[in-house]
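Okay, so here's the structure we're looking at.
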Amino acid sequence: MKKINYYFTAIVAVLLLNTQCDGAPNWDNEITDAVPPGPVSNVNVENINGGAIITYSLPSDNDLMAVKAIYSFREGGEIMESYSSASTDTIKLAGFPDTQERSVKLVAVDNSKNESEPVTTTIKPLTIPVEIIRNSLIVNETFSGVFVKW
């Protein structure tokens, strides 16, 4: 029985060693161009608690890769970027700390990393969920503990 286990292990090892992968494709050889994609259009904003859901119409470029949203959480703060695949027409932004209006630039990006002209839209996030919970929080004492309701 031990010989069968040794033979089986040897056969599996030989098969694994003989199996070769072709490797990852080399994306550097892709055909590139200098033509930027068209801009997104028909931009609609649905403000949600702590963020916004932005929908848009994609340009009809064959090499469209993604749509990039450029925004900041606070006035004068760090510039953030969120990406959405070219297979969807929606991008969701979340995590805003307050309900101030902010401008968001939407940029279409193609496979050659060319960027379209930005389309600017304004979002106004609704009250953040933590604030809603804090305003409705009720804490009562119970037998050897605390009762929390929100």
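For the range 29-140, the relative contact order is 33 percent, taking Cα pairs closer than 8 Å that sit 6 or more residues apart in sequence and dividing their mean separation by the residue count. Think of a 1.4 Å ball rolled over the protein heavy atoms: the range 32-150 then has 63 Å² of accessible area per residue.
Pairs of Cα atoms nearer than 8 Å and 6+ residues apart set the relative contact order; for the range 90-144 it is 34 percent. Note that the range 93-98 has calculated 3J(HN,Hα) couplings of 10, 9, x, 6, x, 8 Hz, one per residue in order, obtained from phi through the Karplus relation 6.51 cos²θ - 1.76 cosθ + 1.60 (θ = phi - 60°); glycine and proline are x.
The values are calculated or read from the model by the stated rules, or taken from the named source; none is laboratory data. As the structure is a computational prediction, the values presented were derived from the model and not from experiment. All accessible areas refer to the heavy atoms of the entire protein, side chains included, with ligands and DNA or RNA removed. Shrake-Rupley method; radii C 1.70, N 1.55, O 1.52, S 1.80 Å.
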